[in-house]
Amino acid sequence: MDEKFITLAIESSCDDTGIAILNGQYDLLNSKLASQIASHSQYGGVVPELASRMHQEAILPLLDEVLKSAGITDPKSQIDLIAVTSGPGLMGSLLVGVMAAKGLAQALEKPIIGVNHLEGHIFANILSNRNLCPPFLSVVVSGGHTEVILVKQLGEYKLIGSTRDDALGEAYDKVSKVLGLGYPGGPIIDKLAVEGSIDSFTFPTPLSNTNKVEFSFSGLKTAVMNAVQKKNKLSEPFNNCDLCASFQKAAINSLICKIQLAMVQTQVTSLTLSGGVAANSALRKELTLLSEKLNWNLFLPPKDMCTDNAAMIAAAGYCAYKRGIRSDLSLSPNPSWEIW
Ligand code: KG4
Ligand code: ZN
């Protein structure tokens, strides 16, 4: 049983309002999300102004619901810490969460801690795997991030490699938009790719010839666009499933080949995956097979812990607090905060 120490966490860095209540490091009492996907999908991507307005509408009713479901009837006596994502992310979105958290901290007279969103994604794995401890390699792949991070200790991170241009999730979203499939593209392409043939289109694996841990997905997105235009010009019918499968093969190959390089470079044997793209079924399958072959300890969070949520922010905030890190009521969002 975890010690009694209750963290209330808020996540609002992009287009999901999340609130969670965590006891100690592992015992999640409740976590809920108000998703904005339906509103943004008509524009094919996140509209920042709309996102902040929707966070503002959702946050207090969501807080009420989460407190009720977690059995918190007297927040002042039951809550010990307020954790909030304070960067990186969209400024207007972050501001809503940070202001709500500051108001709560002041009203309840509780400490507040600003949590880095990427550190949160890393902690999605800590929260779901009690056996995971550093050092390990953490791969964060989402709509805004493609980062390979060496976790030396909790709180001590080294960037091993990242993308030169688009994030991997962004590439999924853009390819989906080109094909008119909807937003967010990742889950849609994931499903369609299962029905398609990976060899129908030949897309080169980006940067497969460099000996550096680095990524580039914008050329791959352009290659998909060109393939679609060519087919349309020649009035040749094509199958979206085949296109999705071929795109996904190149994207995943690129990620996996650089993960392999990073594992060799850093000499660690444990690997974690997180961020929205970590929910991808083909990626999970391929990495599991490779880990079995190369004797890596692979940690994959459950799918609902891959995409943005406040439970991971609570876990990261609690751990930072226990390491002695503190914020105060002057806390401000930092949209480009880096943890290394
Ligand atoms: O972590 P997340 O919820 O938000 C960011 O911090 O960006 O990730 C959202 C991203 C989107 O780009 C979405 O298309 C992608 O994750 N995604 C997926 C899948 N589920 C979500 N990409 C590939 N396959 C999936 N199953
Ligand atoms: Zn995220």
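Descriptive notes on the structure:
- Taken together, 83, 124, 70, 107 contain a single residue that is farther than 24 Å from residue 278 by Cβ and touching a strand residue (DSSP E or B) at 6+ places or on another chain (Cβ under 9 Å), which is 70.
- Among the residues making up the stretch 61-119, those that are outside any helix (DSSP H, G or I), of a type in the set (Ser, Thr, Tyr) and surrounded by 17 or more Cβ atoms within 10 Å (Cβ to Cβ) are 85, 86.
- The stretch 226-252, subset polar (S, T, N, Q) and in a helix (DSSP H, G or I), residue surrounded by the most Cβ atoms within 10 Å (Cβ to Cβ): 248
- Single residue of the stretch 142-167 satisfying the filter (within 16 Å of ligand 1 (Cβ to nearest atom) and out of contact with any strand residue (DSSP E or B) (no Cβ under 7 Å at 6 or more places or on another chain)) that is nearest to residue 210 (Cα to Cα): 165
- Checking 271, 287 one by one, the residue that is within 21 Å of the chain's Cα centre (by Cα), away from ligand 1 (no atom under 16 Å from the Cβ), within 22 Å of residue 129 (Cα to Cα) and surrounded by 14 or more Cβ atoms within 10 Å (Cβ to Cβ) is 271 and no other.
- Residue within the stretch 122-129 that is surrounded by fewer than 18 Cβ atoms within 10 Å (Cβ to Cβ) and closer than 30 Å to residue 259 by Cβ present: yes
- Residue count for the stretch 1-54 under the criterion of being part of a strand (DSSP E or B) and among the polar types (S, T, N, Q): the result is 6.
We did not get these values from a lab; they are worked out from the coordinates using the rules stated. As the structure is a prediction and not an experimental result, all values here were calculated from the model. Virtual Cβ from ideal backbone geometry, glycine too; neighbours counted across all protein chains shown.
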